[in-house]
Amino acid sequence: MSELESRLRELPAFPAELPVLLESDLPDSPHELFLDWLEAAIAGGARQPHAMTMLTTRADGTPVGRTLIVKDIDADGYHFSTHRSSRKGQEIAANPRISFVFFWRETGRQVRITGNAVALSEEISQADWAGRPSYAGVPNEDWQRYALVPDEFEFMQAREDRQHTRIDYLLGEDGWSHSPVETPAG
């Protein structure tokens, strides 16, 4: 074992007291559970609780991740923005299937949301652009606000023994259904 490996193994993983995720307590809607966890992260003082890793794919299938913030959550989906000409904008244009991964280390919670990115209106995009700290009074025709329209969620609640609790929500013809993930973590 290398010195680095030894040091990494000794690092603290999660707080001693973690929330518990029970299947019997799950709401019918993954959106409700997500908002509960986001509100708990905000109330608990998590830094940038709205930050997530967004994953797209390159044309050759290589996954690419980067950190963004979710701007809003409404009936359209989970909002984020970028330039259409950026790498992520081009990747979304080629393949709108994306994922977000939120991680709140203070509570040992992680959520993966997967679905399709849908471009929102020019009006919404320009209002978003005008709200940016760097806005200088000039519209940006390249700016696009998108909504991730989810069809899959995975909620993970960490446990000290590393036997984390994971729940999948899948959207089907009859709405959302949920079930525990029985495979080992990962």
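Throughout, read-outs are computed from the coordinates displayed, never taken from laboratory work. It should be emphasised that the depicted structure is a prediction, and the values quoted were computed from it without experimental measurement. Don't worry about glycine lacking a Cβ; one is built from the backbone with ideal geometry, like all the others, and counts go over all protein chains shown.
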If we scan region 36-54, do we find a residue that is touching a Pro at 6+ places or on another chain (Cβ under 6 Å) and either part of a strand (DSSP E or B) or farther than 26 Å from GLN144 by Cα (or both)?
yes
What strands (runs of 3 or more DSSP E), lying completely within region 63-174, carry at least 3 residues that are under 15 Å from MET52 (Cα atoms)?
63-69, 77-83, 97-104, 109-119, 143-157
Only residues that are among the charged types (D, E, K, R) and over 19 Å from ILE42 (Cα atoms): list them for region 88-131, please.
LYS88, GLU91, ARG97, GLU122, GLU123, ASP128
For region 108-141, how many residues meet the condition of being in contact with a Phe, Trp or Tyr (Cβ under 8 Å, 6 or more places away or on another chain) and among the charged types (D, E, K, R)?
3
Of all residues in region 116-140, how many are charged (D, E, K, R), free of Cβ contacts under 8 Å to residues at least 40 places away in the same chain and either within 21 Å of LEU26 (Cβ to Cβ) or surrounded by 12 or more Cβ atoms within 10 Å (Cβ to Cβ) (or both)?
1
So, in region 9-35, of the ones that are assigned to a helix (DSSP H, G or I) and either of a type in the set (Ser, Thr, Tyr) or surrounded by 10 or more Cβ atoms within 10 Å (Cβ to Cβ) (or both), which residue ends up farthest from the chain's Cα centre (by Cα)?
SER24
Condition broken by LEU35, with the remaining ones in (1) in contact (Cβ under 8 Å) with a residue 24 or more places away in the chain; (2) out of contact with any Lys or Arg (no Cβ under 7 Å at 6 or more places or on another chain); (3) within 15 Å of ALA117 (Cβ to Cβ) satisfied
(3)
Members of region 66-91 that are under 10 Å from LEU148 (Cβ atoms) and without any contact (Cβ under 8 Å) to a residue 60 or more places away in the chain
VAL70, ILE73
Is there a residue being β-branched (Val, Ile, Thr), farther than 30 Å from VAL20 by Cβ and out of contact with any strand residue (DSSP E or B) (no Cβ under 8 Å at 6 or more places or on another chain) anywhere in region 137-147?
yes
Give region 52-88 a look and list any residue that's small (Gly, Ala, Ser) and either in contact with a Gly (Cβ under 6 Å, 6 or more places away or on another chain) or surrounded by 16 or more Cβ atoms within 10 Å (Cβ to Cβ) (or both), or say none.
GLY77, SER81
Out of (1) within 28 Å of ARG97 (Cα to Cα); (2) part of a helix (DSSP H, G or I); (3) free of Cβ contacts under 8 Å to residues at least 40 places away in the same chain, the odd one out for SER6 is which?
(1)
